[in-house]
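Some notes on the structure that comes next.
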Amino acid sequence: MRQHRSVGLMIADPTSQPPELTTAEIPLPPTAENLPAVVPPPRKPSTSRNLRRVLSLLVLLALAGAAGYWHWLRSQPSLPPGFATGNGRLEADEVDIDTKFAGRILKLNVDEGDLVKAGQVVAVMDTRDLEAQLKQSQQLVAQAQHTLEQAEASKVSQQAVVKLAQQELARTTDLVPRGFATVELRDQQTQQLNSAIATLNADEAAIAAAQHALGAATHQVEYYAVQIADNQLFAPKDGPIEYRVANVGEVLAAGGKVFTMLDASYVYMDIYLPTEQAGRVRIGSEARIVLDAYPGHVIPARVVFVASQAQFTPKTVETKEERDKLMFRIRIRIDPERLEGREAMMRTGLPGVGYVRTEPSAVWPQSLAPSPPPPAQ
């Protein structure tokens with residue numbers, strides 16, 4: 001049998017009082033101390049703030065550039081009328097050291113950066129085949145010399161035969177009228193004399209042929225000797241080696257480049273001037289060069305070239321007048337005597353400023369007076 005549970009409901013008595021609560025049991029209102037910590041979300045950087053920072057940096061850079069340019073202008077010597085100026089770079093003529101004949105590089109005596117003197121052997125080519133041909137030609141010379149000596153000895157002997165034949169013919173000719181010799185004998189001796197003279201002429205011709213053969217063999221020896229000498233590569237000028245193009249063991253064709261060197265006696269700077277100034281520049285006019293690396297050192301120079309046609313201004317050249325788009329190239333060269341003995345001090349590529357006198361009567365300012373040359377090294 002199922003058992004039924006009775007559920008009773010409790011009905012509160014309206015007359016009954018609620019239970020009293022203690023202070024500890026009364027809930028407190030929420031305050032900042034008992035609230036959990038709230039982590040604010042990360043704030044994204046403001047775009048306008050970054051833009052202000054970039055603009056401020058650009059303004060500072062522009063001010064710094066303007067200050068540098070102003071300082072550069074102040075540091076440049078002020079030019080009186082009759083002078084022109086332009087900036088450029090110090091350069092020197094490049095000289096290629098090439099092979100004259102095809103061959104293999106046997107030895108390199110210098111390398112990049114080495115200072116060489118004119119006539120110094122910088123490289124040697126393999127000349128074993130030429131040396132063998134030289135020995136062969138020397139043997140041909142000896143053979144031709146021997147042939148010549150034989151021809152000369154035969155000539156001397158034949159001269160004696162001719163002389164004897166002449167003497168016999170002379171005696172027979174005297175005896176024939178007196179009957180002591182026959183005409184037949186005289187004719188025979190005449191024939192012998194003619195034969196001896198013909199042989200002597202042949203010996204002289206053989207001597208001439210031997211002399212020509214000796215000369216040809218001698219010239220052949222000289223030819224191979226010159227080829228061997230030309231396979232030694234010499235420095236044509238004083239100056240530093242700029243580039244080494246080939247290495248030991250490489251086979252080069254005739255005219256193959258081995259080194260590129262700088263001619264220390266031909267150092268110059270190309271500047272560009274507008275038409276108004278370039279038209280008054282003359283070849284031979286005095287000039288000055290001041291390098292940025294040595295602002296206090298003034299180098300005397302002369303104008304050696306004035307372009308006949310205008311050209312676009314290179315990007316590496318800054319002009320004072322932006323409207324001048326076509327400029328004339330002016331080359332000013334340092335005096336070779338000033339460079340003598342100072343090849344090791346030469347540095348190409350250094351930027352600087354060139355000054356040119358456009359009026360012959362203009363007087364150089366004291367700030368552009370030539371500085372004494374540095375001690376030779």
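Note on the stretch 179-288: no enclosed strands (runs of 3 or more DSSP E) hold 3 or more residues that are small (Gly, Ala, Ser) and in contact with a helix residue (DSSP H, G or I) (Cβ under 8 Å, 6 or more places away or on another chain). Among the residues of the stretch 293-304, the one identified as open to solvent by 60 Å² or more (accessible area, probe 1.4 Å) and at pLDDT 90 or above is Arg302. Gln145 passes every criterion in (1) more than 30 Å from Asp93 (Cβ to Cβ); (2) in contact with a strand residue (DSSP E or B) (Cβ under 9 Å, 6 or more places away or on another chain) apart from (2). One residue alone among Leu164, Leu148, Leu185 is of a type in the set (A, V, I, L, M) and either under 60 Å from the mean Cα position of the chain (by Cα) or within 30 Å of Asp263 (Cα to Cα) (or both), and that residue is Leu148.
Cβ-Cβ distances below 6 Å connect the following pairs, each with a first residue in the stretch 228-248 that is β-branched (Val, Ile, Thr), a second residue that is open to solvent by 50 Å² or more (accessible area, probe 1.4 Å), and a separation of six or more residues or different chains: Ile241/Glu112; Ile241/Asp114; Val245/Lys257.
Residues in the stretch 196-222 that are touching a residue at least 24 places away in the same chain (Cβ under 8 Å) and either more than 23 Å from Gln150 (Cα to Cα) or among the hydroxyl-bearing types (Ser, Thr, Tyr) (or both): Thr199, Thr218. Among residues that are over 29 Å from Pro336 (Cα atoms), touching a Phe, Trp or Tyr at 6+ places or on another chain (Cβ under 9 Å) and either modelled with pLDDT of 90 or more or open to solvent by 70 Å² or more (accessible area, probe 1.4 Å) (or both), Leu134 is included. Applying the set (1) in contact with a helix residue (DSSP H, G or I) (Cβ under 7 Å, 6 or more places away or on another chain); (2) open to solvent by 40 Å² or more (accessible area, probe 1.4 Å) to Val141 leaves exactly one unmet item: (2). Scanning the stretch 99-131 for residues that are part of a helix (DSSP H, G or I), open to solvent by 60 Å² or more (accessible area, probe 1.4 Å) and in contact with a helix residue (DSSP H, G or I) (Cβ under 8 Å, 6 or more places away or on another chain) yields a count of 1. Residues in the stretch 169-181 that are modelled with pLDDT of 85 or more and open to solvent by 70 Å² or more (accessible area, probe 1.4 Å): Arg171, Asp174, Pro177.
All of (1) within 15 Å of Phe101 (Cα to Cα); (2) crowded, with 20+ Cβ neighbours inside 10 Å; (3) acidic (Asp, Glu) hold for Glu250 with one exception: (2). Of all residues in the stretch 328-358, those being surrounded by fewer than 15 Cβ atoms within 10 Å (Cβ to Cβ) and at pLDDT 90 or above number 1. Answer with yes or no whether Ala165 is assigned to a helix (DSSP H, G or I), open to solvent by less than 80 Å² (accessible area, probe 1.4 Å) and touching a helix residue (DSSP H, G or I) at 6+ places or on another chain (Cβ under 9 Å). Yes.
For Gln138, the conditions (1) assigned to a strand (DSSP E or B); (2) over 28 Å from Ser265 (Cα atoms) all hold with the exception of (1). Consider Ser46 carefully, then state whether it is hydroxyl-bearing (Ser, Thr, Tyr) and at pLDDT below 70. So Ser46 fits the description; yes.
The values are calculated or read from the model by the stated rules, or taken from the named source; none is laboratory data. Keep in mind it's a predicted model, so treat the numbers as computed, not measured. Neighbour counts run over all protein chains shown; Cβ positions are idealised from the backbone, glycine included. Just the protein is used for accessible areas: all its heavy atoms, side chains included, with ligands, DNA and RNA removed. Shrake-Rupley method; radii C 1.70, N 1.55, O 1.52, S 1.80 Å.
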